[in-house]
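Please read the structure below before turning to the comments.
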Amino acid sequence: MQRRAPSTPETWDEFFSDFYLRAYADDERQVEAQAQALAAARLAGCPAGGDLLDVPCGFGRHSVPLARADYRVVGVDRSESLLAEAQRRVGGAHWPKLVRADYRELPLPDESFDAALNLFSSLGYLGDEQDTRVLGEIRRVLRPDARLVIEIMHRDLLVREVREQDWRLLGEGRLLLEQRTFDPGSGVAQTTQTLVDNAGRRDSRSFSLRVYTATELVAMLGRAGFEEAKCYGDLDGARFATDTRLVIVAKR
Ligand SMILES: C[S@@+](CC[C@H](N)C(=O)[O-])C[C@H]1O[C@@H](n2cnc3c(N)ncnc32)[C@H](O)[C@@H]1O
């Protein structure tokens, strides 16, 4: 049997680039991101002014409001262009600190954070073994009893809601088209996103993502050394179900 695998890191780099900024860095999502960030820090039990890791931080939409709320935030990401946009949003502020790194090897000391956040479907890029390694790295930099909050699409919801074709209107008359297929054997979803600008020009990226069930993610957290993992349906602690997103609070 031929099993589908997630895309290579190089393919992800081509997606998490200027293309991703054009598709996702619009103003409309700002207010929502701030509320999500603060709710996630609360759910993680991060103390006021505590050391908070946002990994991966993308273009800083959570790191920046968290730093403004006085958390000592470190944002880590692999993408140079997304970090450049994050730095533009930080301006001259002292926090957050931004670090360019692959999250399989965090250039951060052991036990240096009070909480960690992994938001907006930021696992599944590397496959089961390497994604478990990422969880182990995050655990390593957490202080004893500190918590990691993961917010992610999960397989039950994907299967319920998957639409083979979809589109979203972006600002300035631009469109984002999505075509998807899901392979239930490997749990890998294949997506092609196409940006259409207001002159009708098209630009596409394709990628394959491993979409985990809650059960699989909880088992991976256990293998990575986390002591306890609780599932919720949102960042305010709603009940988890097959038609909610998945939020996991994992205790080191
Ligand atoms: C869907 S985005 C979410 C980013 C951020 N959490 C947010 O909500 O805006 C996923 C991020 O993962 C980053 N990423 C992908 N593979 C990575 C890796 N191997 N190491 C570190 N970051 C990675 C991408 O650059 C991208 O910024």
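All of the numbers you see were taken from the coordinates with simple rules; none came from a lab. Keep in mind it's a predicted model, so treat the numbers as computed, not measured. Here the Cβ positions follow ideal geometry from the backbone for every residue, glycine too, while neighbour counts run over all protein chains shown.
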Return yes when GLY237 is under 21 Å from GLN36 (Cβ atoms), surrounded by fewer than 16 Cβ atoms within 10 Å (Cβ to Cβ) and touching an Asp or Glu at 6+ places or on another chain (Cβ under 9 Å) and no when it is not. no
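Of all residues in region 109-122, which are more than 9 Å from the ligand (Cβ to nearest atom) and buried (at least 18 other Cβ atoms within 10 Å of the Cβ)?
To start, the set of residues in region 109-122 that are more than 9 Å from the ligand (Cβ to nearest atom) comprises 109-116.
Matches in region 109-122: PHE113, ASP114, ALA115, ALA116.
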Residue in region 131-146 that is touching a Phe, Trp or Tyr at 6+ places or on another chain (Cβ under 7 Å), part of a helix (DSSP H, G or I), within 16 Å of the ligand (Cβ to nearest atom) and of a type in the set (Asp, Glu) present: yes
Elements of type helices (runs of 4 or more DSSP H) contained in region 1-98, each with 1 or more residues being away from the ligand (no atom under 12 Å from the Cβ): 18-24, 30-43, 63-68, 80-90
Looking at region 34-51, I want the residues that are at positive phi and have a partner that is part of a loop (DSSP other than H, G, I, E, B) and surrounded by fewer than 18 Cβ atoms within 10 Å (Cβ to Cβ) with Cβ atoms under 6 Å, at least 6 apart or on another chain. Which pairs are those? GLY49/ASP70
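Looking at this structure, is VAL188 over 30 Å from PRO109 (Cβ atoms) and crowded, with 19+ Cβ neighbours inside 10 Å? Steps first, please.
Details: over 30 Å from PRO109 (Cβ atoms): yes; crowded, with 19+ Cβ neighbours inside 10 Å: yes.
It is true that VAL188 is over 30 Å from PRO109 (Cβ atoms) and crowded, with 19+ Cβ neighbours inside 10 Å.
Which ones in region 120-134 are out of contact with any helix residue (DSSP H, G or I) (no Cβ under 6 Å at 6 or more places or on another chain) and among the aliphatic types (A, V, I, L, M)? Outline the logic, then answer.
Taking region 120-134 as the starting set, the residues that turn out to be out of contact with any helix residue (DSSP H, G or I) (no Cβ under 6 Å at 6 or more places or on another chain) are 120-122, 124, 126-131, 133-134.
LEU126, VAL134, listed by residue number.
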Is it the case that some residue within region 78-99 is under 27 Å from GLN190 (Cβ atoms) and aromatic (Phe, Trp, Tyr)? no
Across region 193-215, what is the total count of residues that are crowded, with 17+ Cβ neighbours inside 10 Å, over 18 Å from the mean Cα position of the chain (by Cα) and assigned to a loop (DSSP other than H, G, I, E, B)? 0
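Return the only residue of VAL159, VAL218 being hydrophobic (A, V, I, L, M, F, W, C), surrounded by 17 or more Cβ atoms within 10 Å (Cβ to Cβ) and either in a strand (DSSP E or B) or out of contact with any helix residue (DSSP H, G or I) (no Cβ under 7 Å at 6 or more places or on another chain) (or both).
Criteria check complete, one pass: VAL218.
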